[in-house]
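Working notes, structure below.
The values are calculated or read from the model by the stated rules, or taken from the named source; none is laboratory data. Model, not experiment: these values are computed from the prediction. With ideal geometry, Cβ positions are generated from the backbone for all residues, glycine too; neighbour counts draw on all protein chains shown.
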């Protein structure tokens, strides 16, 4: 996870350098630091739920960079029943970073409604126990016998979204940030404790793709993103 985090940080740092205009083209008001603290309440209503917060730092002119981190467990997943929370003790880590370009400069005279486009990269790690029936001693799908097994699943998700959204200023320094996005995600599922000859029957629907795979393997999936954040301006005099 550490190497992936540094790769993402390096990518965003490089993009942010490209985003800054020459020093002689930006006036003093546009160089004023801008720092925003955000909380993502919709991340609590996810199958892989997390408590997620982030910061956005305004660069020169119309550009900013944003990073979010989140952590969650099944005990805080309100989409699961109480019995499933106890029987499905999963842990989730999540990192999102993006570079954002606003349609208007980030200055005090900017309108309270700010439209933007953004490029986001993200990483998610899910650890959870699983119990299911697998085939043993199989040859081309014909198995000698089946048995129930318990094993640990390690799922890594990497992906990217192109997003469009807006930030709307509220009273004082509060604001709302809403967006939609479309992209790809790559899912890598491992089960270190599973016997090497275990065979999973194909449980994929002929009508719908498996959008949350837990069988060992590699998957590429179309990804959508919908978000709403509540934020607070902690540094800067800009109006959002």
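Numbers at a glance
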quantity: Enumeration of residues in region 90-115 that are at pLDDT 85 or above, under 18 Å from residue 164 (Cβ atoms) and crowded, with 16+ Cβ neighbours inside 10 Å; calculated: 96, 97, 98, 99, 100, 102, 114
quantity: Flag for residue 169 being modelled with pLDDT under 90, over 21 Å from the mean Cα position of the chain (by Cα) and crowded, with 17+ Cβ neighbours inside 10 Å; calculated: yes
quantity: Where a residue in region 206-232 is over 25 Å from residue 68 (Cα atoms) and its partner, wherever it lies, is modelled with pLDDT of 85 or more and assigned to a loop (DSSP other than H, G, I, E, B), with Cβ under 6 Å and at least six apart; calculated: 216/191
quantity: Flag for residue 37 being loosely packed, with under 14 Cβ neighbours inside 10 Å, within 16 Å of residue 95 (Cα to Cα), modelled with pLDDT of 80 or more and in contact with a strand residue (DSSP E or B) (Cβ under 7 Å, 6 or more places away or on another chain); calculated: no
quantity: Residues satisfying the stated conditions in region 44-74, i.e. at pLDDT below 90, surrounded by 14 or more Cβ atoms within 10 Å (Cβ to Cβ) and either under 18 Å from the mean Cα position of the chain (by Cα) or in a helix (DSSP H, G or I) (or both); calculated: 44, 46, 48, 49, 73, 74
quantity: Breaking point among (1) in a strand (DSSP E or B); (2) over 15 Å from residue 197 (Cα atoms), for residue 172; calculated: (1)
quantity: Residue in region 192-211 that is under 30 Å from residue 56 (Cβ atoms) and modelled with pLDDT of 90 or more present; calculated: no
quantity: Qualifying positions in region 120-159 - over 14 Å from residue 194 (Cβ atoms) and surrounded by 15 or more Cβ atoms within 10 Å (Cβ to Cβ); calculated: 120, 121, 122, 123, 124, 125, 126, 143, 156, 157, 158, 159
